[in-house]
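The values are calculated or read from the model by the stated rules, or taken from the named source; none is laboratory data. Remember, predicted model here, so these are calculated numbers, not experimental data. Note that each Cβ is placed from the backbone with ideal geometry, even for glycine, and that neighbours are counted across all protein chains shown. These area figures cover heavy atoms from the full protein model, side chains too; ligands, DNA and RNA do not enter into them. Shrake-Rupley method; radii C 1.70, N 1.55, O 1.52, S 1.80 Å.
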Amino acid sequence: MKKNRICLLAVLLAVAAVSYTRAGKLVRKPAATQWFLYSDGGDDIAFNISEARNAGNYIEAGTDVSDICNGTANLCAVLAQTNNHLPVITQGSTLDNQLVTYFNTGGTSVGGFLREKP
């Protein structure tokens with residue numbers, strides 16, 4: 001009887017371990033990222049962090065924006081994870097921190113997730 005309980009316990013622990021491992025792999029899967037051009041439907045210039053954080057102010061640009069975003073004047077594009085063809089800009093994320101720094105320094109500090117336009 002004791003052997004049966006031990007075997008049953010071992011099987012349950014094994015199933016739990018496999019389930020936990022598979023769930024962990026799903027969570028850790030990297031999300032797709034791409035460039036998004038800033039385009040607010042007006043002057044296409046983000047004047048503050050609120051405008052820059054608004055995912056609706058961006059359009060998909062693909063994997064390269066170097067031909068469009070090669071200046072030093074205004075925010076041009078962000079590299080972000082995608083959700084329904086919009087960038088994911090979560091407060092406190094690396095992208096968001098770079099946007100905050102960008103606007104706090106008057107555009108003089110551009111991180112790896114940002115590009116500027118002429």
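Please work out which one of (1) part of a helix (DSSP H, G or I); (2) open to solvent by 40 Å² or more (accessible area, probe 1.4 Å) is the condition L99 fails and give its number. It fails just one condition, (2). Would you call T90 more than 20 Å from T33 (Cβ to Cβ) and either modelled with pLDDT under 95 or in a loop (DSSP other than H, G, I, E, B) (or both)? Considered against the rule, which asks whether it is more than 20 Å from T33 (Cβ to Cβ) and either modelled with pLDDT under 95 or in a loop (DSSP other than H, G, I, E, B) (or both), T90 comes out as no.
For the criterion of being more than 17 Å from the chain's Cα centre (by Cα) and touching a residue at least 12 places away in the same chain (Cβ under 8 Å), A73 passes. Taken together, the criteria place T33 among residues that are within 21 Å of G92 (Cβ to Cβ) and either among the acidic types (D, E) or modelled with pLDDT under 95 (or both).
For G71, are the conditions met, namely being at pLDDT below 95 and either open to solvent by 40 Å² or more (accessible area, probe 1.4 Å) or under 20 Å from T33 (Cα atoms) (or both)? For G71, the condition - at pLDDT below 95 and either open to solvent by 40 Å² or more (accessible area, probe 1.4 Å) or under 20 Å from T33 (Cα atoms) (or both) - is not met.
Scanning the range 45-65 for residues that are free of Cβ contacts under 8 Å to residues at least 40 places away in the same chain, surrounded by fewer than 19 Cβ atoms within 10 Å (Cβ to Cβ) and outside any helix (DSSP H, G or I) returns I45, F47, N54, I59, E60, G62, T63, D64.
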